[in-house]
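**Q** Mind looking over this structure? Questions follow.
The values are calculated or read from the model by the stated rules, or taken from the named source; none is laboratory data. Everything numeric here is computed off the predicted structure, so don't read it as measured data. Cβ atoms come from the backbone with ideal geometry, glycine included; neighbour counts cover every protein chain shown. All accessible areas refer to the heavy atoms of the entire protein, side chains included, with ligands and DNA or RNA removed. Shrake-Rupley method; radii C 1.70, N 1.55, O 1.52, S 1.80 Å.
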Amino acid sequence: MNKKWFKMAGLAFAIWYIVSRPEAAAGLVNQSLGGLGSAAESFSTFISAIP
């Protein structure tokens, strides 16, 4: 299949998921951003520990 079709299918699925389950989609985004924040904090701790 073409990359264009995969992108369009992924976008259609994301829109469908947001419309059909907005609470779950919001929770997923919240968890993802929390994970990124945790990773950034861990990376900062690692960098500051390097002499």
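**Q** Report LEU36's accessible area, 1.4 Å probe, all protein chains in place, as a number in Å² to the nearest 10.
**A** Counting only protein heavy atoms, LEU36 exposes about 110 Å² to solvent.
**Q** Taking all protein chains as present, what is the carbon and sulfur share of the accessible area of the chain, in % to the nearest whole number, probe 1.4 Å?
**A** Values: 3290 of 4650 Å².
Answer for the chain is 71 percent, counting heavy atoms of protein chains only.
**Q** Just report the Cα centroid separation between segment 34-51 and segment 1-18, whole Å.
**A** Between the Cα centres of segment 34-51 and segment 1-18 lies a distance of 33 Å.
**Q** Given only helices, namely DSSP H runs of n ≥ 4 each adding -39500 (n - 2.57), what is the per-residue ellipticity at 222 nm of the chain, to the nearest 500 deg cm²/dmol?
**A** The per-residue figure over the chain is -31500 deg cm²/dmol.
**Q** Could you order the peptides 45-51, 4-10 from most to least packed, using the average number of other C-beta atoms within 10 Å per residue?
**A** Packing proxy ranking, top to bottom: 4-10, 45-51.
**Q** Starting from the Cα of TRP16, step 7 Å along the direction of its Cβ; do the same at SER42; then give the gap between the two resulting points in nm.
**A** Label-label distance for TRP16 and SER42, simple model: 3.3 nm.
**Q** Next question, about the same structure. As I understand it, the value is the acute angle between the Cα axis of helix 22-49 and the longest principal axis of the Cα atoms of the chain; what does it come to in degrees, rounded to 10?
**A** So the helix axis and the longest Cα principal axis differ by about 30 degrees.
**Q** Restricting attention to the alpha-carbon atoms of the chain, what are Rg (one decimal) and Dmax (integer), both in Å?
**A** Spelled out, the Cα radius of gyration and Dmax of the chain are 17.2, 51 Å.
**Q** For a label point 7 angstrom out from the Cα of ALA49 toward its Cβ, which stretches of segment 24-42 have the backbone nitrogen within less than 20 Å?
**A** From segment 24-42, the list is 35-42.
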